[in-house]
Amino acid sequence: MKIASWNVNSVRQRQDLILDWLKRHEPDVLMMQEIKCETAQFPAGIFQDAGYKCAVVGQKSYNGVATLVRGDFETTTDHLPGFENPAARYVEVRTQGVTLGNLYLPNGNSGGEEGYATKLAFFDALASRAQSFMQSETDFVLAGDYNVCPTAEDCASGALGPDDALVRPESRAAWRRLVWLGLTDALRAVHPTGTAYTFWDYQAGAWQRDSGLRIDHALLSPRVAERLIDAQPDKEERAMERPSDHVPLIVTLKDTAPAA
């Protein structure tokens, strides 16, 4: 089972890139963030023609998430329970026995301290959702643009200031709270050390200087983590013409859980 997460930074602007990527990689699931269109304007037809059904939560010009699935699925919720904010930042589906939460966590750098509080409120609601899944022994993946660099190794030197919301101590503590519930950071389980950036800013030659960030993540529940084969960012996608500033994070799992 191949699951990917990708902040596409406008699905309509990059639909050809996305279709090409789907053809080359053939994931079972693609979770997209920052689609930047209302649900009715989402180009579902072109993805259906490519073999993917869609669960979409859109918003005019901003935010928005969409999950593409090959095969049958059910949408379990179109918002993050406990997060009292109308922004389109979460959609959750269940397919092949796994619940997949597709999330676009607030950046936290705009709106002053109130904006930052919204970021932490999303983290709190996400932790509650994960905890409820753990208690019910649900197999799940929470993947998307978390807008947090968990450690110093996940942020190129000089890429961000110490007060940036992506590296503030409270942001990293909220991330650790999630992991400490018993979840596995898929990429670090496979590549414990070293740079593995998923984002390069459009400004100041960040891509050319490899001044990147690791802010797109996939957290796996215990039984799903036992199925983990590989996890890696598709760095080559950032070199495409008119790319997103993020690249896909690809997680590959064994098709079935290990025998008890």
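Where a number appears in this text, it was derived from the coordinates with a stated rule and is not lab data. Because the structure is a prediction, the values reported are computed rather than measured. We place every Cβ from the backbone using ideal geometry, glycine too, and count neighbours over all the protein chains shown.
Numerical summary
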| item | result |
| --- | --- |
| Nearby aspartates and glutamates by direct alpha-carbon distance to Lys60 (threshold 12 angstrom, same-chain neighbours under 8 apart not counted) | Glu34, Glu38 |
| Computed lengthening from Arg24 to Asp255, 0.36 nm per intervening residue step minus Cα-Cα distance | 81.2 nm |
| For Pro150, net neighbour charge (Lys/Arg +1, Asp/Glu -1) across residues whose Cβ lies under 11 Å away | +1 |
| Calculated P(r) of the chain - Cα pairs past 21 Å, % | 56 |
| Dipole moment magnitude, nearest 20 debye, the stretch 96-189 about Cα centre, only Lys, Arg, Asp, Glu C-beta charged | 140 |
| Semi-axis lengths, Å, the stretch 168-226, gyration tensor of Cα atoms, sqrt of 5 times eigenvalues | 26, 15, 8 |
| Additional length obtainable on full extension of the chain from Gln203 to Lys53, 0.36 nm per residue less Cα span | 50.5 nm |
| Straight-distance crosslink candidates among lysines, where the alpha carbon sits under 28 Å from Lys235 and sequence neighbours closer than 8 are dropped | Lys2, Lys23, Lys36, Lys53, Lys119, Lys254 |
| Mean separation of Cα contacts under 8 Å (6+ apart) over length of the stretch 53-143, as relative contact order % | 24 |
| Positive-end extreme of charge dipole, the stretch 1-84 - chosen from Thr76, Gly58, Val11 (charges on Cβ) | Val11 |
| Estimated distance in nm for a label pair at Asn109 and Val190, the labels positioned 7 Å out from Cα along Cα-to-Cβ | 2.8 |
| Cβ-derived FRET efficiency at R0 45 Å, Asp210 paired with Asp16, nearest 0.05 | 0.95 |
| Global form of the stretch 177-260, assessed from the alpha-carbon gyration tensor, a/c cut-off 1.5 | prolate |
| Average Cα contact separation per residue, the stretch 121-235, under 8 Å, 6 or more apart, as relative contact order % | 37 |
| Normalised contact order of the chain, rounded percent, pairs of Cα under 8 Å and 6 or more residues apart | 19 |
| Span-rule helices in the chain, defined as complete DSSP H runs reaching 30 Å or more along the axis (Cα) with Kyte mean at least -1.0 | 112-135 |
| Shape call, the stretch 91-136: gyration tensor on alpha carbons, a/c limit 1.5 | oblate |
| Cα shape, the stretch 35-114, gyration tensor, a/c 1.5 rule | oblate |
